[in-house]
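Okay, structure first, notes after.
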Number of protein chains: 2
Amino acid sequence: MKSIIIASTSTIHGSGYLEYLLDELKIHFKSTDHILFIPYARPGGISHDEYTNIVAKAFSAIGKKVTGIHEFENAAEAIKQAKGIFVGGGNTFVLVSQLYKNKVLLPIQNAIENGTPYLGTSAGSNICGLTMNTTNDMPIVYPPSFKTLGLVPFNINPHYLDPIAGSKHMGETRETRIKEFHAFNTQPVIGLREGSWIAVKGNNLTLKGPLDVRIFEYDKAPYEVSTNSDLGFLK
Amino acid sequence: MKSIIIASTSTIHGSGYLEYLLDELKIHFKSTDHILFIPYARPGGISHDEYTNIVAKAFSAIGKKVTGIHEFENAAEAIKQAKGIFVGGGNTFVLVSQLYKNKVLLPIQNAIENGTPYLGTSAGSNICGLTMNTTNDMPIVYPPSFKTLGLVPFNINPHYLDPIAGSKHMGETRETRIKEFHAFNTQPVIGLREGSWIAVKGNNLTLKGPLDVRIFEYDKAPYEVSTNSDLGFLK
């Protein structure tokens, strides 16, 4: 049975890395004490080793060991053998480029289909959607495609931000950007606020965390859905 | 002689479309009363006609007529015949996709080389750099390449924003994003604040407008350069 956590962010303000999710992760990864970490998104350009160390330290609080996928000779084989997978945030363009380069998109899809629990945060959540077209990241490298894992039948916009009242900056709000996306694409977009996550269990999708989500459907006014709601109605 | 205005934005807070630049544009386009407008970036997904109407209205204040490139059968030929070119803002991914699709990158480079005055704002400024890798826009469509006009030997980050003091949002600041860019690329980036522009006259590059720019060079701490400075030192 598919078991996925799609989290807006790894870190909420005033709290440590993954700290707000640790109780949930204890349950999510209860079948294994070893997590395969995919550090490809390299936040701030840090190395795969540096990033893996941060993640290992966070998971040690719930008794889990972490190994970076870059430590294996065969990345696809590492995914096949993994008992739990975490894809961390950083830059979605860098992440997706590396997923294609290392030919691991299909192995990840297969592993999840076979029941390997998956955690994504930020960029690692973005790739759970149909495409990465609704990332907030700067396009610092050119990936071979914007198509991603398609584990859910919509796109994710992590770190969703409501318009800032009284801002004098002329850049687009997040809502305007997603409206622009719908001038060229038709799939729904979930604006996932920091602290929220989507829990996928088999065919059930549920919104978790303290906040509501904002949903953008093609040719409809955006609307809010409350936490703990079933999101299975989105196609 | 090359004659280019690379502006951070079309519109500053509390002022009409292009209003803050009109005195400058009177001089920049003094050799013609007809501007060819390239509306490909479609801000907010508006149509080419709607966008061209907004621009025509703004330019009518200084006695210039505006025609949209989409009104011509042959876009490359329209550029060759143009006496002045304006590429407006919107979404850089949409703009660059259309520039490639309509095969107009080389014609624009040639026209500028031959002295046709060019104005870019926002996305239209982004494409003046070596690549569009430092755009702030959402990647709502997939362009065939991130390479752009290369009219200046660096990249542009328009609408440059300083970090917001006390923000609780965990998304990256603009400075962090550009630092990430330099983990994968080596060309300099100019963070151009709203209200600023770069004036290119032949081989001379000068910063104009009321504000300083923030310059990001590979493997160096970012630094400020004052308005009215020569930017020709950047390679």
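Only one entry in A:194, A:180 is under 24 Å from residue A:18 (Cβ atoms), crowded, with 22+ Cβ neighbours inside 10 Å and either within 14 Å of another protein chain (Cβ to nearest Cβ) or touching a Leu at 6+ places or on another chain (Cβ under 6 Å) (or both), namely A:194. Considering segment A:12-38, and only residues there that are among the hydroxyl-bearing types (Ser, Thr, Tyr) and surrounded by fewer than 19 Cβ atoms within 10 Å (Cβ to Cβ), the residue that is nearest to residue A:206 (Cα to Cα) turns out to be A:31. Looking across segment B:17-47, the residues that are of a type outside the set (Phe, Trp, Tyr) and within 12 Å of chain A (Cβ to nearest Cβ) come down to B:41, B:42, B:43, B:44, B:45, B:46, B:47. In the set (1) farther than 20 Å from residue A:137 by Cβ; (2) in contact with a Phe, Trp or Tyr (Cβ under 9 Å, 6 or more places away or on another chain); (3) surrounded by fewer than 20 Cβ atoms within 10 Å (Cβ to Cβ), residue A:48 fails one condition alone, (1).
Residues that are surrounded by 18 or more Cβ atoms within 10 Å (Cβ to Cβ) and closer than 19 Å to residue B:124 by Cα do occur in segment B:160-177. For segment A:67-84, the condition holds for no residue, the condition being that it is touching a Ser or Thr at 6+ places or on another chain (Cβ under 9 Å), within 13 Å of another protein chain (Cβ to nearest Cβ) and assigned to a loop (DSSP other than H, G, I, E, B). Of the candidates B:82, B:123, the single residue that is buried (at least 24 other Cβ atoms within 10 Å of the Cβ) and more than 17 Å from the chain's Cα centre (by Cα) is B:82. Filtered by the rule that a residue be in contact with a helix residue (DSSP H, G or I) (Cβ under 7 Å, 6 or more places away or on another chain) and assigned to a loop (DSSP other than H, G, I, E, B), segment B:196-233 gives a lone residue, B:222. Taking the conditions exactly as written (of a type outside the set (Ser, Thr, Tyr), within 14 Å of chain A (Cβ to nearest Cβ) and over 30 Å from residue A:182 (Cβ atoms)), does residue B:95 satisfy them or not? So residue B:95 does not fit the description; no.
Condition check ((1) of a type outside the set (Asp, Glu); (2) in contact with a helix residue (DSSP H, G or I) (Cβ under 6 Å, 6 or more places away or on another chain)) across all residues:
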| site | (1), (2) |
| --- | --- |
| B:90 | yes, yes |
| B:96 | yes, no |
| B:104 | yes, yes |
| B:115 | yes, no |
| B:119 | yes, no |
| B:129 | yes, no |
| B:144 | yes, yes |
| B:166 | yes, no |
| B:172 | no, no |
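None of the figures in this text is laboratory data; all of them are computed from the coordinates on show. Since we're looking at a predicted model, the values are computed, not measured. FYI the Cβ positions are ideal-geometry reconstructions off the backbone, even for glycines, and counts take in every protein chain you see.
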